[in-house]
Amino acid sequence: MSDWLERGWRHVWLPYAQMQTAPLPLPAVRTEGSRIHLADGRVLIDGVASWWTACHGYNHPHIREAVAAQLDSMPHVMFGGLAHEPAYRLATRLAGMMPDGLERVFFTDSGSVAVEVAMKVAVQARLNRGERGRHKFLAFRDGYHGDTLATMAVCDPEEGMHALFAGLLQEHVIAPLPRDAESEQVFMALLERHAGELAGIIVEPLVQGAGGMVFHDDAVLRRLRAAADQYGLTLIFDEIFTGFGRTGTMFAFEQAGVVPDIVTLSKALTGGTSPLAATVVHRDLYEAFLGEDPMKALMHGPTFMANPLGCAAANASLDLFETEDRLGQARQIEAWLREGLEPCRGLPGVVDVRVKGAIGVVQLGRIKNPVGLRERFVARGAWIRPFRDIVYLTPALTIAQDELARLTGAIRDVLAEG
Ligand SMILES: *Cc1c(COP(=O)(O)O)cnc(C)c1O
C-alpha cells in the first residue's frame, strides 16, 4: 500500500460511508476519456462520470488548455468590485442558452449552494415586494437538492440520508409528483392548504437523480408550471444533474416546453473539471431586487464565487457542446443503453429497467451489499456504484460503443450470477 494512502486513511473521512467497515478506496492515479487508471496498473471503464460531472470524458485537451492558460494569468480574484472575462463571458453564454427572460446569473461553488441561492432569491424577492410570511417551498418525494441544511429540508424526508436531522431542518411541504389523477389531487390539496406560506416549487425536471433515478414525463412539468402560475409561486428547476445533455437535450426542461423562473446548474457545468455552480434567474424576479434601498440587494456572496479557473473550464466545456455533437452522442448512448440493459429484465431480483438519454437504470428489489456489488463490477474492469436499490450508468457523453458495452455486459453478468 502506498505510504500516503496508509497514513491518510487514518485522517480522511469519506462521504456517506461507515468508516469502520468501509473498504479502502481504490487509489486512482490518472484519468483519460472514460478510463480511470489505478495505482496498481488496473484500468477501469467509468460508468459514473464522477458523479455525473465529466460529460466530455476526463482530461479533454480543450478544457485542459483553457484552464492551464487561466492558471498562468490569474487563478483567482475576488468577484466583489473586480470583473474578469471568464465569468462575464460565461454568464452571457448561459443566459443565451436559456429561454427569454432567464438572463441573470449568480455564480457559486457547489450545487447545494446554487439551490440555496435559488431559495433565497424566491423568498427575498417576496420580502422586497413587501409580501411577508412566504418562506416555505413545495418539494417532492424522491427529490434531492443537496446536503446543506437548507437543501436537505427540500429533499425527500423519508430518505435515510437526511431523516436523522429532522429536528434541525426547516419544515417545507413535501408532495408526490403530480403524475396521475390521484397524485395530482394530493398535490393540489397540499398546494391549496399551504399556498399562503409558500414562496416556490422546486423540482428536478424529468429525472430525480440522487433520489433513485426516478423518471417522470414532461406533462408533470407543465402541471407544475400551471400550478405555480395559479398560486403566484416561483418555479425552480434544479438541473444540476439533468443539465448539459444528460437527458438528451441541453436542459431537460426543453423537452416540456416549459420555462421555469429559476434554473440551477452545477455538476457538468465545468465538464467535471472543477467545482462551480450557477443560479440563473428570470428578470421578473431579479427586478424585485432593484431600488434605492441597499437592503434589497441579494444577500449572498461566497469567497470563491465565479472562480476564474472554473469559469474558464465551463467556457471551454460550452465550446465543446458547440463544436462536437454531444447531444447526438447522448441519443446514441440512449440506444446503446437500451440494447445493453434491456436483457437484465429477466434476471433475478430485477424489478425495472429504464433508460433516458445517457442515463441507464436497473432497479432491483433490494441491494443487500452495495459495496460487495461494486467490488464485483471492479473485478470486471467497470466503475459502477450501486446505491439504494439501483445499479445505474451515467457515462461520459463521449464514451465509445465498446467501452459502454463492457459496462452493460458487466451489469448483465454480475446480476445473472445473482
Ligand atoms: C448533486 C446535486 C445537488 C448538490 O450538488 P453539490 O455540488 O453536491 O452540492 C443538488 N441538486 C441536484 C439535482 C443534484 O444532483
Can you tell me the FRET efficiency between Arg10 and Ala219 if r is taken as the Cβ-Cβ distance and R0 is 35 Å, rounded to the nearest 0.05?
-> 0.10
Express in Å², to the nearest 10, the accessible area of Ile390 obtained by rolling a 1.4 Å probe over the protein heavy atoms while all chains stay in place.
-> 0 Å²
State to the nearest 20 debye the size of the charge dipole of region 34-123 about its Cα centre, where the only charges are +1 on K and R beta carbons and -1 on D and E beta carbons.
-> 80 debye
Distance from the Cα centre of region 319-336 to that of region 6-37, in angstrom?
-> 30 Å
Options Leu269, Gly291, Thr53, ranked by Cα towards positive dipole end of the chain, top entry (Cβ charges) | Thr53
Would you mind working out the magnitude of the charge dipole of region 1-56 relative to its Cα centre, with +1 at each Lys and Arg C-beta and -1 at each Asp and Glu C-beta, to the nearest 20 Debye?
-> 40 debye
R0 of 51 Å, Cβ-Cβ distance Met1-Arg132: FRET efficiency to nearest 0.05 = 0.30
Divide by every residue of the chain the summed helix terms, -39500 (n - 2.57) for each DSSP H run of at least 4, and state the resulting mean residue ellipticity at 222 nm, rounded to the nearest 500 deg cm²/dmol.
-> -11000 deg cm²/dmol
For Val77 and Thr303, compute 0.36 nm times the residue count separating them, minus their Cα-Cα distance, and round to one decimal in nm.
-> 80.4 nm
Net charge dipole size for the chain [Lys, Arg +1 and Asp, Glu -1 on Cβ; Debye, nearest 20] | 620 debye
From highest to lowest solvent-accessible area (probe 1.4 Å; ligands, DNA and RNA excluded), Lys368, Lys267 read Lys368, Lys267
Going toward the positive end of the dipole of the chain, with +1 on Lys and Arg Cβ and -1 on Asp and Glu Cβ, which of Ala316, Gln332, Ala379 do you reach last?
-> Ala379
Specify the angular offset, from 0 to 90 degrees and rounded to the nearest 10, of the alpha carbon long axis of helix 326-341 from the longest principal axis of the alpha carbons in the chain.
-> 50 degrees
Exposure rank, largest accessible area first [Thr242, Thr273, Thr398; 1.4 Å] | Thr273, Thr398, Thr242
Can you work out ³J(HN,Hα) from phi for every residue in region 103-120, in order, using Karplus 6.51 cos²θ - 1.76 cosθ + 1.60 and θ = phi - 60°, giving whole Hz and x for Gly and Pro?
-> 9, 10, 10, 10, 8, 9, 10, 8, x, 4, 5, 4, 5, 4, 5, 4, 5, 5
If you stretched the chain out fully between Ala379 and Ala17, how much longer would it get, using 0.36 nm times the residue separation minus the C-alpha to C-alpha distance?
-> 128.2 nm
Calculate the spin-label point distance for Leu190 paired with His37, positioning each point 7 Å from the Cα along the beta-carbon direction, and give it in nanometres.
-> 4.9 nm
Per DSSP loop assignment and a cutoff of at most 11 other beta carbons within 10 Å, the chain keeps its longest run without exposed GluC sites (Glu not before Pro) at 1-157
For Ala69 and Glu324, what does the FRET efficiency come to when R0 = 22 Å and r is the distance between their Cβ atoms, rounded to the nearest 0.05?
-> 0.65
Accessible-area order for Arg246, Arg7, Arg35, largest to smallest, probe 1.4 angstrom, reads Arg7, Arg35, Arg246
Radius, Kirkwood style, for region 63-323 when every pair of distinct Cα atoms is counted (Å) = 18.7 Å
Options Gly200, Phe79, Val186, ranked by Cα towards positive dipole end of the chain, top entry (Cβ charges) | Val186
If the chain between Phe165 and Lys296 were fully extended at 0.36 nm per residue, the gain over the current Cα-Cα distance would be 44.0 nm
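The values are calculated or read from the model by the stated rules, or taken from the named source; none is laboratory data. The structure displayed is predicted, hence computed values, not measured ones. All Cβ positions, even for glycine, are placed from backbone atoms using ideal geometry, and neighbour counts span all protein chains on display. Protein only, heavy atoms only, side chains kept; ligands, DNA and RNA dropped before computing areas. Shrake-Rupley method; radii C 1.70, N 1.55, O 1.52, S 1.80 Å.
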